[in-house]
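A short write-up of the structure that comes next.
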Amino acid sequence: MSSCNNLPYYPLYLGGEWSDGCGKMDSHNPATAQPWAQFALAGNKEVEQAIAAAKQAQNTAAWRDMTATARGKLLYKLADLIEQHADELGRIETADSGKLATETRQQTRYVADYYRYYAGLADKIEGATLPIDKPQMQVYTVREPIGVVLAVVPWNAQMFLAATKLAPALAAGCSVILKASEIAPCAMLYFARLLAEVGFPAGVVSVLCGDVENCAAPLAAHPDIDRLAFTGGTEAAQHIVRHTANNFAVTSLELGGKSPLLIFADADLESAANGLIAGNFGASGQSCVAASRALVQRSVLPALIENIRQKSANIIVGDPQQAETQMGPLCTPAQIERIEQTLAAAKQQQATIHFGGARVTLPPPLAAGNFFQPTLVECHSADTATLQVEMFGPVMSLLAFDSEEEAIALANNTQYGLGSGIFTKDVARAHRVSRLIRAGICWINTYRAISPIAPFGGYNQSGYGREAGAEAVLEYTRTKTIWLNLSDTPMANPFVMR
């Protein structure tokens with residue numbers, strides 16, 4: 001990082017070298033709407049440079065012949081560096097995206113454990129000896145690195161989402177191009193300094209950002225990309241998949257969500273209210289697993305609404321860098337516009353806004369920031385706009401149900417299928433309902449918990465493939481089958497039938 005026009009400046013990291021790319025862009029602090037940093041942008045030249053370096057790394061002895069144990073040691077070193085720089089990484093991410101500094105710092109420290117988890121798995125990637133049905137044949141499999149990986153990471157939870165891709169890919173021996181969003185990329189570009197300090201061979205990791213036309217699309221369509229791991233919106237994913245028709249890259253997609261959270265009458269309502277607040281107002285609602293479709297058994301709906309109202313009245317909205325702040329700004333003005341349009345449509349559908357529903361104006365220097373009130377909407381039909389649109393903001397929508405069967409039907413009435421939740425004291429019901437909800441994750445009597453040990457991913461329009469967990473590292477390998485003839489007898493003439 002250096003200074004540019006009195007603003008911190010973050011260059012690209014390409015093939016072990018720092019690059020100013022093809023231009024620069026200002027990053028605006030969502031809390032103040034003022035430029036706070038500049039970063040470099042990648043174009044076609046930088047895309048080719050990063051891919052050529054990644055491909056060369058796959059064929060260079062320094063990385064190709066490095067033992068799996070040695071790769072693991074590099075990941076352990078990276079984890080330690082992330083912990084040491086967690087406060088600075090968190091500060092940068094907060095200035096860039098508006099997420100609470102208390103959250104970005106804590107999450108960054110925890111992200112170090114993802115690298116440690118995959119560091120330990122690096123030398124546990126095993127093949128198998130096959131009990132083949134032919135005499136005098138020794139047949140076994142080995143797992144080899146899949147090759148050049150493109151990891152596309154959005155601006156929200158970027159340290160976490162980078163770890164779920166980068167850590168298993170490096171453990172498997174791949175080379176990785178980490179493509180950060182051009183919205184709030186500075187934490188990723190600072191993270192490149194730590195990657196450089198670790199001592200990965202040149203080209204093993206590159207970090208860049210740029211727009212769709214000049215960076216993202218050429219990367220996704222490039223013939224030398226072997227594996228693509230993408231987190232982002234459904235529309236962008238559709239373009240990504242079309243581009244991979246050019247290279248047949250093995251692809252995983254972690255996309256949007258409209259997660260249902262089912263609250264039954266026997267639930268601990270205090271716990272359920274906290275789960276809803278965490279799932280909707282945590283990170284200002286800017287989470288792909290936000291519990292933005294709360295389905296509540298009718299008999300407890302009034303009591304739950306009142307509980308949430310009381311808790312939400314005390315939420316402190318303000319400067320995300322301050323420890324006392326509980327909800328910061330949204331990352332972009334466009335998110336507020338989308339929320340306002342969706343709430344207006346919900347009102348037309350007779351929805352009731354119990355509290356919130358408007359922008360928050362704070363005194364300078366936060367007067368122009370992207371702040372929005374925590375909002376609770378009671379819906380009276382399943383097609384209400386706030387139950388259908390992923391707003392990526394602090395809007396909680398509640399809909400009543402009467403029976404377990406109705407709750408399951410409502411939960412599955414969506415194009416998405418990423419997260420879900422259940423609050424109930426009935427253990428049998430919890431297991432029964434969780435099996436019937438079509439989503440990749442189901443939290444029971446909790447919400448938004450994550451771990452490097454637990455797989456993460458969705459169904460339907462929420463994507464395919466899984467990140468985290470032991471199996472994820474195998475997704476960055478290919479299986480090679482090796483046949484060895486043990487017999488001293490010459491191989492038979494294939495044109496002489498016996």
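The values are calculated or read from the model by the stated rules, or taken from the named source; none is laboratory data. Everything numeric here is computed off the predicted structure, so don't read it as measured data. Here the Cβ positions follow ideal geometry from the backbone for every residue, glycine too, while neighbour counts run over all protein chains shown. These area figures cover heavy atoms from the full protein model, side chains too; ligands, DNA and RNA do not enter into them. Shrake-Rupley method; radii C 1.70, N 1.55, O 1.52, S 1.80 Å.
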| said: Let's see if you can work this out: charge +1 on each Lys and Arg Cβ, -1 on each Asp and Glu Cβ, no other charges. What is the dipole magnitude of the chain about its Cα centre, in debye to the nearest 20? | reply: 720 debye
| remark: Counting sequence-distant residues (5 or more places) and residues on other chains, those with an amide H built under 5 Å from that of Ile263 are Leu295, Val296, Gln297, Phe423
| field | Long-range HN-HN contacts of Gly203 with modeled amide H, under 5 Å | value | Gly15, Gly16
| message | I'd like to know which of Ala95, Pro131, Gln84 lies farthest towards the positive end of the charge dipole of the range 47-161, counting +1 on Cβ of Lys and Arg and -1 on Cβ of Asp and Glu. | response | Pro131
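Using a 1.4 Å probe and counting only protein heavy atoms, arrange Ser381, Ser420, Ser299 so the residue with the most accessible area comes first. List each step's numbers first, then the result.
Values: Ser381 40, Ser420 0, Ser299 95 Å².
The ranking, largest first, comes out as Ser299, Ser381, Ser420.
Report Rg/Rh for the range 110-156, rounded to two decimals, where Rg is the Cα radius of gyration and Rh the Kirkwood radius. Working shown, then result.
Numbers: Rg = 17.6 Å, Rh = 14.6 Å.
With Rg and the Kirkwood Rh in hand, the quotient comes to 1.21.
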| note | Ranking Phe401, Phe392 from most to least accessible area with a 1.4 Å probe gives Phe392, Phe401
| remark: Taking Cα atoms only, Rg over Rh for the range 179-269 with Rh from the Kirkwood formula is 1.14
| query | Which of the aspartates and glutamates could a cross-linker span from Lys347 if the Cα-Cα distance has to be under 12 Å and same-chain partners fewer than 8 positions apart are dropped? | reply | Glu378
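Out of all Cα-Cα pairs in the range 244-367, roughly what percent, to the nearest whole number, are more than 20 Å apart? Working shown, then result.
Values: 4233 of 7626 pairs.
Counting every Cα pair in the range 244-367, those more than 20 Å apart make up 56 percent.
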| query | What residues qualify as long-range amide H neighbours of Gly43, i.e. H under 5 Å apart, gap of 5 or more or another chain, H built at 1.01 Å from N? | reply | Cys22
| query | Among all the lysines, which ones have a C-alpha under 27 Å from Lys425's C-alpha, if same-chain residues fewer than 8 places away are not counted? | reply | Lys258, Lys311
| field | Top positive-direction residue, dipole computed over the range 378-498 with Cβ charges, set Ile482, Ile450, Thr386 | value | Ile482
| Karplus-derived 3J(HN,Hα), 6.51/-1.76/1.60, for each residue of the range 137-152, Hz, glycine and proline x | 10, 9, 10, 9, 10, 10, 10, 10, x, 5, x, 8, 10, 9, 10, 9
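So what is the relative contact order of the range 131-191, in percent, for Cα pairs below 8 Å that sit 6 or more residues apart?
Details: 61 pairs, mean separation 22.5, N = 61.
Once divided by the residue count of the range 131-191, the mean separation gives 37 percent.
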| Calculated from DSSP H runs of 4 or more alone, at -39500 (n - 2.57) each and per residue, what is the 222 nm mean residue ellipticity of the chain, nearest 500? | -10500 deg cm²/dmol
| Between the range 292-347 and the range 84-145, the alpha-carbon center distance in angstrom | 34 Å
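Structure shown: which of Lys55/Lys179; Lys99/Lys179; Lys73/Lys124 lie over 18 Å apart, alpha-carbon to alpha-carbon? Don't jump to the answer; show the numbers that get you there.
Numbers: Lys55/Lys179 16 Å; Lys99/Lys179 20 Å; Lys73/Lys124 13 Å.
Too far apart for the 18 Å limit: Lys99/Lys179.
In debye, nearest 20: dipole of the range 15-155 around its Cα centre with unit charges on the Cβ of K, R (+) and D, E (-)?
Numbers: 15 positive and 18 negative charges, 65 e Å.
Magnitude of the dipole: close to 320 debye.
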| said: Heavy atoms of the protein only, probe of 1.4 Å, neighbouring chains included. What is the accessible area of Asp268 in Å², nearest 10? | reply: 80 Å²
| message | With a 1.4 Å probe and all protein chains kept in place, how much accessible area does Cys22 have, in Å² rounded to the nearest 10? | response | 90 Å²
| query | Over what distance in Å are the Cα centres of the range 181-206 and the range 401-427 separated? | reply | 40 Å
| field | Leading residue at positive end of dipole, the range 266-327 (Cβ point charges), from Ala278, Ala267, Gln297 | value | Gln297
| HN-Hα J couplings of the range 388-397 from phi, Karplus 6.51/-1.76/1.60, θ = phi - 60°, integer Hz, Gly and Pro as x? | 10, 9, 7, 8, 6, x, x, 10, 9, 10
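In the chain, which helices (entire DSSP H runs) extend 18 Å or more along their own long axis, judged by Cα positions, while averaging at least 1.0 on the Kyte-Doolittle scale? It would help to have the intermediate numbers written out before the result.
Working: long enough: 44-58 (21 Å, -0.74); 68-84 (24 Å, -0.01); 101-121 (31 Å, -1.10); 158-172 (21 Å, 1.15); 186-198 (19 Å, 1.45); 333-348 (23 Å, -0.51).
Length and hydropathy pass: 158-172, 186-198.
What number comes out for the charge environment of Asn413, summing +1 per Lys or Arg and -1 per Asp or Glu over other residues with Cβ under 11 Å away?
+1
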| said: Over all directions, the average projected area of the alpha-carbon convex hull for the chain comes to how many nm²? | reply: 27.6 nm²
| request: Take the alpha-carbon centre of the range 439-467, take the same for the range 226-286, and report the distance between them in whole Å. | output: 8 Å
